[in-house]
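Here the structure is laid out as structure tokens; the discussion comes afterwards.
The values are calculated or read from the model by the stated rules, or taken from the named source; none is laboratory data. Just so it is clear, the model here is predicted, and its values are computed rather than measured. All Cβ positions, glycine included, derive from the backbone under ideal geometry; neighbour counts span all protein chains shown.
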Amino acid sequence: MAKVALLVGVSEYEPGLNPLPAAVKDIEAMRRVLSAPDLGGFDEVKALGNLDSQTMQYEFETLFSGRSKDDLVVLFFSGHGIKDDSGRLYFAARNTQKNAKNELIRSTAVPASFLHEVMNGSRAKRQAIILDCCFSGAFDPALIARDDSSVDLQGQLGAEGRVVLTSSSSTQYSFEEQGSDLSIYTRYLVEGIETGAGDLGEDGKVSMRELHEYAALKVRETAPNMTPKMITLKDMGFEIFLAKAKIADPRLSYRRKAEQYASRGEISRIGRTILDTLSTQLGLSTEETTAIEAEVLQPYRQRLENLQRYRRDFVAAIEDEYPLSEATQAELRDLCEILGLRGDDISLIEAEETAKKTAVVREAYSEKLQRYKQEFEKALQAEYPFSEYVRIGLRNFQQSLGLQDDDVKQIETPLIQQKEAEQQRQQQEALKQAEAERQQQAKQQEDQRNLERYEQEFRRAIKAEYPLSQPVQEGLKQLQQNLGLTIKDIERIKQPLLEQREAEFRHQQEAERLRRQQEAERLQAERQREQEYQQKLQRYEQEFSRAIRASFPVDNYAREGLKNFQQALDLKDEYIARLEAPLLKTREAEYQKQQAEKLRQQQEAARLEQQEAERLREQQRRHQEESERRQAESPPVQPQYRQEKIDPGSSAARIPTNPTPKSQGASMVFGKVVGCVFVLMGAFSSWVGLVGWLSWFGVGGVFNLVYVFVLGGGLLAIWMGVSAWRGWRFWPWS
């Protein structure tokens, strides 16, 4: 039975992933509490920081392999969690990278499925995984629990099972707490173990369920938008005991009471009296109680600080622009997500600040309406009905003030009515001057001719060019002045002509728009066909690559199949030629390299065979020379004859019995083998005898004598081995 833990934290990443300075501090804090004998009491705690993906996989597999069924195995990971397009979770390593489209390069990260596999292959029946990373809830451990017979270890390590604690759900981000060295989730895990506050059952043991409930409660108080999860496949997996708690610790008792009376970042008046009395009874100093209360109230105060920060940023946003644009609203939603705030938390803030801003905006709007009224009154006094120039000026002034048409109309209507009443009075006075007007009839006829002339010039101008350019307008204005025409007179002429020309102009614009639309549709169709053709070329490229990898040079059967595939895809030969050329060139280079390597291997094998043959011939030559030398040194052996009862007339009456050269060679080989064996046995016996004699030297006794005999026997065996090796006449047949 063993308790082992692997703590992995990654704080440094490749460009594209933000650094997480708290990750390596997380694993150090977890190592401190798990390795402490009075807390975690783990037999082995390994803390590793900033691993690459290959080393991380090795450490994961090493952690779960070679374990017994009674071991408790804990894995803690702090860093970036990344999901791919399919929703699969990956653990980011130091070398994890993303491509130009911000997509994960999966070969540089550790998939969660790999961790599933090594967990399933482990014999340890108690496995705990703690993930403090984004999207950690996506770790769905399809683990297969083993049902082996074992001793009851529930009193020491809790119930059997596998449990996974995650800092967030499958769609949420995990955050680092502002002003803290540790991430939010890890901070409260360490606090629950170190202070004993995670022992919710007050039985002196901190189980995975109790620790998760404590940390999840604190996280929701600090960042309500985070939702820590606990995943288990066995009903009792969450009852694994992770650490011990000091039941009699007065600081723990004070902490529980402080948590009971803490509300909204402060301790109530009655709660303060109770805690002061309790601190005196428990014998705690003011510094100790202050530190405990600060830890208890930290989640509430951090949440209040986040709300105040959001309020400041929201006020600054509506000061810059009001109403808020969609981009600014999206940024505020991101800020809410980063600060871990919920919609309910910020709705009241936004309502209050929006109401204040609305009141300010309304007051400013009223001032703008008053300014427009003053300018409109001045314009009425100067001229009515308004000329086109005056109307344009008033319209521009309205737009610069940002006034609505309805509000402007409410100002203009009573003023215009008042002005029209004045004009009516003026018209009545004009009737009294009718006689004078009759005298001016001749002049009016002249004016009518001038109007007709202006109409003709205006018709030619708008027919030749529309809208009218500035020089043309200046020319018409000059003509108006030369003819002595008023704006009112020419407006009666221009209005119907402009309406007719405007209708023609719009018709031309509509025709041009339809033409451009048709051209765009044609270009879109051509691009679509081009994309489909490129996809066909890619399919052919894949088939051609597989063909030349399978067989090179390509045989006629494969070439015929590729030709049929080209015809099926309706691809042109010139495109196929440009596509195949680089692939064939690359494959030809690989093929030449393979052939060169194969030729080199064959040449090397031939050279080795030739060397071996030469060595064997040299060995045979030396053996033959040695045999001839020994025969020359040995005295001639008189042939001995054996008498047999044979026919006296037979040619086999006398047969020599001296050994043949073949039997002499066999004898020499056997002598050398036996010589080697005797030398080795003698060396071993001599070594044993010498060591034993030295060990018993000075003691005396029968053992000393035995080792002397062993040493002598070893030396004798060495002498016999050397004699046999040199071919002395040691054997009867030699």
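Check whether at least one residue in the range 468-479 is over 27 Å from Glu383 (Cβ atoms) and of a type in the set (S, T, N, Q), and report yes or no. Let's see the steps before the verdict.
Going residue by residue through the range 468-479, those that are over 27 Å from Glu383 (Cβ atoms) are none.
No: the range 468-479 contains no residue that is over 27 Å from Glu383 (Cβ atoms) and of a type in the set (S, T, N, Q).
Taking strands (runs of 3 or more DSSP E) that fall entirely within the range 66-124, which contain at least 3 residues that are within 13 Å of the chain's Cα centre (by Cα)?
Values: elements: 72-78, 81-83, 89-91.
Result: 81-83, 89-91.
Does Thr289 satisfy the condition of being part of a helix (DSSP H, G or I), touching a helix residue (DSSP H, G or I) at 6+ places or on another chain (Cβ under 9 Å) and modelled with pLDDT of 75 or more? Before the answer, list the steps.
Values: part of a helix (DSSP H, G or I): yes; touching a helix residue (DSSP H, G or I) at 6+ places or on another chain (Cβ under 9 Å): yes; modelled with pLDDT of 75 or more: yes.
When the stated conditions are applied, Thr289 passes them.
Scan the range 565-579 and report the pairs whose first residue is touching a residue at least 12 places away in the same chain (Cβ under 8 Å) and whose second residue is in a loop (DSSP other than H, G, I, E, B), with Cβ atoms within less than 9 Å and a gap of 6+ or a chain change.
Phe565/Leu571; Gln566/Lys572; Leu579/Leu571
Being under 18 Å from Ala22 (Cα atoms) and among the small types (Gly, Ala, Ser) is the filter here, so list the residues in the range 43-89 that pass it.
Selection gives Ala47, Gly49, Ser78, Gly79, Gly81.
Take the residues of the range 591-650 that are at pLDDT 85 or above and aliphatic (A, V, I, L, M): which is farthest from the chain's Cα centre (by Cα)?
If we take residues in the range 591-650 being at pLDDT 85 or above and aliphatic (A, V, I, L, M), then Leu616 is farthest from the chain's Cα centre (by Cα).
Does Glu435 meet the test of being in a helix (DSSP H, G or I) and surrounded by 12 or more Cβ atoms within 10 Å (Cβ to Cβ)? So that I can check it myself, show each step before the final result.
Details: in a helix (DSSP H, G or I): yes; surrounded by 12 or more Cβ atoms within 10 Å (Cβ to Cβ): no.
Criteria not met by Glu435.
In the range 389-442, how many are closer than 23 Å to Arg362 by Cβ and β-branched (Val, Ile, Thr)?
Qualifying residue count for the region: 3.
Within the range 353-374, can one find any residue that is part of a helix (DSSP H, G or I) and modelled with pLDDT under 75? Before the answer, list the steps.
Initial filter on the range 353-374 (part of a helix (DSSP H, G or I)): 353-374.
From what's left, modelled with pLDDT under 75: 357.
So far as the range 353-374 goes, yes, one or more of its residues are part of a helix (DSSP H, G or I) and modelled with pLDDT under 75.
How many residues are crowded, with 18+ Cβ neighbours inside 10 Å and of a type in the set (Asp, Glu) when one looks only at the range 26-70?
Looking only at that region, the number is 2.
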